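The values are calculated or read from the model by the stated rules, or taken from the named source; none is laboratory data. Bear in mind the structure is a predicted one, so any value in this text is a computation, not a measurement. Virtual Cβ from ideal backbone geometry, glycine too; neighbours counted across all protein chains shown.
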Amino acid sequence: MGMSCFASPAFRHDQQGTYDGLLGEDDLPKKSSEPSFSSIEEGPKSTRPVPTLHRRIVVAVLFLVIFMGALKYTPSLSLLDIIASLSTSDSSSLSAAFNHKCEALLTPPPKTYSNRLDSLVSELPQSTVWIAEPGPSASYFIGAFSTQDWQLSERPFLVAIGRSPRGSPRIFLVTPEFEALRASLIKLPRDLDGSVIWVKWREDQNPYEALKTALGYGVDAFILDGLTRQFVAEGLRSMLREEKDDGVLKEIGLIRERKSLWEVELLRCANQKTLHAIRKTKKRMYLGISESQTSRILEHEMAKTGLMGGGGLVLFGDVRFAKFQNSTLPHRALGSTTFAQLDKAARGVVDSWIGITAGTDTPNFDVFTHRLGHGIGLEGHESPYLVQGSLGERQVRSGHVFSLEPGIYLPVNGKTVNGINGVGVRLEDCFVVTEDEDGSLKGEWLSGPVQSWGDV
């Protein structure tokens with residue numbers, strides 16, 4: 001097995017648990033409106049003797065009724081499966097030292113954002129500003145105005161970064177006037193104090209003209225972040241010239257692509273916590289469990305590590321009935337011949353793949369139809385991409401972090417391999433490129449690869 005490694009470093013501490021000891025399922029508060037047997041026993045005393053034997057018989061009957069009901073709806077379920085699913089006594093856990101290290105990494109090193117801005121400004125041509133909307137790039141350079149901070153609308157909010165007459169970075173935040181107070185409440189890093197200029201525009205004004213006026217006569221061009229919406233780009237082009245020098249765009253892109261040691265360690269924490277949650281989820285799965293049940297377990301295990309809001313996509317598919325898999329989402333049950341896909345998680349592999357022959361000089365695109373991988377960081381998919389063609393004609397640099405995703409895909413109407421088609425599987429593990437003192441490039445896994453069959 002492998003693991004998908006959407007490894008955003010924005011994990012946070014789970015308030016229900018501690019990093020010294022992750023909460024087990026039994027430690028979570030139980031949400032039930034029915035009193036437990038112990039609460040009944042501790043209630044008002046009856047004047048009659050307590051029928052202890054009778055009560056035990058009732059409990060046993062109730063257990064059998066529940067068990068037989070489970071068998072009715074999941075015929076392949078056995079008593080051993082149910083007992084195994086209830087057992088969460090796995091002693092493996094993340095070490096306290098590792099968790100403390102990850103928690104400490106949540107605070108960026110001093111001058112993180114001012115250093116990033118210095119790098120950006122140093123690549124800008126004279127009389128040029130870099131412009132983005134709220135999103136990962138804006139958040140990377142100024143530590144605020146991610147898509148979680150600010151939802152995009154038809155009213156443009158712009159982040160423009162240029163240089164002052166002294167050569168230091170200047171940040172222009174262009175906001176609708178009626179939203180200026182809300183925008184000002186979003187916290188900016190302290191090392192940006194004195195660098196921010198607020199530009200407000202009324203409903204009857206042109207926001208792009210307001211920005212041009214604020215920039216002054218010394219600025220006549222802009223470089224656009226690649227995620228900017230088309231209508232915003234057109235509005236900016238009506239006021240300023242767009243700089244499209246490929247060399248400049250490449251160098252600016254490398255600033256965010258090449259991860260610092262701090263960023264790599266954040267990604268390592270996110271990957272190892274995700275891998276831990278996947279392993280815990282795998283041990284709680286059993287024949288007959290549904291996709292939705294597995295998804296809830298995965299989300300629960302992720303939350304216990306501090307990775308909040310991640311969840312995961314869980315899909316089951318029987319290799320014998322690949323054509324009929326989409327009709328019962330998300331209630332398919334896990335069977336003995338089932339593929340189990342946990343997005344941001346593990347993908348099951350069957351040993352039928354050993355029948356595939358060795359590759360030739362010409363790739364078999366009927367089977368290998370997916371790129372090898374992509375960059376990863378603040379976004380699940382980001383540049384650079386490991387793919388043939390113009391997008392893949394890039395030099396790998398130290399600090400690049402990739403999700404490596406070798407996969408095999410057999411379309412329903414395509415060729416069969418060992419009698420199988422209509423299925424696809426890939427491994428996903430994260431990898432950082434490093435550089436030795438002599439300049440040679442090497443690498444290091446942030447998760448995986450698996451060492452033995454059946455491992456996650």
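Worth pointing out:
- Test: residue in the stretch 131-147 that is modelled with pLDDT of 95 or more, touching a Pro at 6+ places or on another chain (Cβ under 8 Å) and either exposed (fewer than 13 other Cβ atoms within 10 Å of the Cβ) or on the phi > 0 side of the Ramachandran plot (or both): yes
- Filter result for the condition that a residue is under 32 Å from the mean Cα position of the chain (by Cα) and crowded, with 17+ Cβ neighbours inside 10 Å, over K250, K200, K259, K212: K259
- For the stretch 193-205, residues that are under 26 Å from Q230 (Cβ atoms) and out of contact with any helix residue (DSSP H, G or I) (no Cβ under 8 Å at 6 or more places or on another chain) total 2.
- Lone qualifier among G380, G422, G414 - being under 24 Å from W445 (Cβ atoms) and surrounded by 13 or more Cβ atoms within 10 Å (Cβ to Cβ): G380
- Test: residue in the stretch 175-197 that is buried (at least 20 other Cβ atoms within 10 Å of the Cβ), at pLDDT 95 or above and closer than 26 Å to Q126 by Cα: yes
- Selection from the stretch 194-216 of residues that are among the small types (G, A, S) and in contact (Cβ under 8 Å) with a residue 40 or more places away in the chain: S195, A214
- In the stretch 435-448, residue modelled with the lowest pLDDT [restricted to those that are more than 15 Å from S260 (Cα to Cα) and surrounded by 13 or more Cβ atoms within 10 Å (Cβ to Cβ)]: G448
- For the stretch 370-441, the strands (runs of 3 or more DSSP E) that sit wholly inside it and include 2 or more residues that are touching a Ser or Thr at 6+ places or on another chain (Cβ under 9 Å) and under 30 Å from G135 (Cα atoms) are 373-375, 429-435.
- Residue that is surrounded by the most Cβ atoms within 10 Å (Cβ to Cβ) [pool: residues in the stretch 92-106 that are in a loop (DSSP other than H, G, I, E, B) and of a type in the set (S, T, N, Q)]: S93
- Any pair with Cβ under 8 angstrom, 6 or more apart, that starts in the stretch 224-236 at a residue that is touching a residue at least 60 places away in the same chain (Cβ under 8 Å) and of a type in the set (V, I, T) and ends at one that is surrounded by 15 or more Cβ atoms within 10 Å (Cβ to Cβ) and not in a loop (DSSP other than H, G, I, E, B): T228/I131; T228/A132; V232/L158
- Options Y409, Y385; residue that is aromatic (F, W, Y), farther than 16 Å from L446 by Cα and out of contact with any helix residue (DSSP H, G or I) (no Cβ under 7 Å at 6 or more places or on another chain): Y409
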